[in-house]
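Throughout, read-outs are computed from the coordinates displayed, never taken from laboratory work. Given the structure is predicted, the values throughout are model-derived calculations rather than measurements. Here Cβ is always computed from backbone atoms with ideal geometry, including for glycine, and neighbour counts include all displayed protein chains.
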Amino acid sequence: MKHLFFILFIISTSSMFLLNCSTKENESAKVIHTKSCTIAIEGMMCEKGCKTTIQNKLREMDGVINCDVDFELQKAFITYDANIVSAEDFIQTINNIADGDLYKSKIIEDKDIENLPSEVDQSTNDESISVSFYNFETPDLGVSFYELIL
């Protein structure tokens with residue numbers, strides 16, 4: 001009886017360990033669809049309060065990789081994962097600050113970004129992102145140098 005209990009215990013803990021490992025591996029490497037958008041913002045009156053408020057609200061959104069608000073240009077520049085969030089979500093977030101009484105925004109540009117990491121590991125404990133694959137193409141300079149020698 002003790003042996004049967006011991007064998008069942010080993011099987012159950014082994015299966016839980018194996019299931020947890022595969023789940024964490026799938027969660028840690030996610031393919032992202034990186035996009036960049038520029039949003040015009042009307043109604044910003046001060047750099048310290050308005051800019052900071054809008055920037056913080058946008059940075060708190062899931063899927064935002066980077067966000068900068070430029071007070072002088074009255075624009076927000078956002079890099080994000082289009083699988084999680086969209087440019088329209090940013091418009092809605094900005095327009096709903098202070099019950100929609102302060103800011104009006106519109107999309108100026110929304111485009112895909114090439115040559116960025118296709119898979120990232122974003123830890124839930126901090127704000128760091130590690131890249132597991134990076135696609136960057138360089139010109140073949142060896143052929144051109146060889147042709148110059150001849």
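Odds and ends about this structure:
- Inter-site label distance for Asp62 and Ile97 at 7 Å from Cα along Cβ, in nm: 2.3 nm
- Cβ crowding within 10 Å averaged over residues, with 31-40, 44-53 ranked highest first: 31-40, 44-53
- What the phi angles of the range 88-102 give under the Karplus curve with 6.51, -1.76 and 1.60, with θ = phi - 60°, is a coupling list of 5, 5, 5, 4, 4, 5, 5, 5, 8, 5, 6, 6, x, 8, 9 Hz, glycine and proline written as x.
- Charge sum, other residues only, whose C-beta stays under 9 Å from Glu42's C-beta, Lys/Arg counted +1 and Asp/Glu -1: +2
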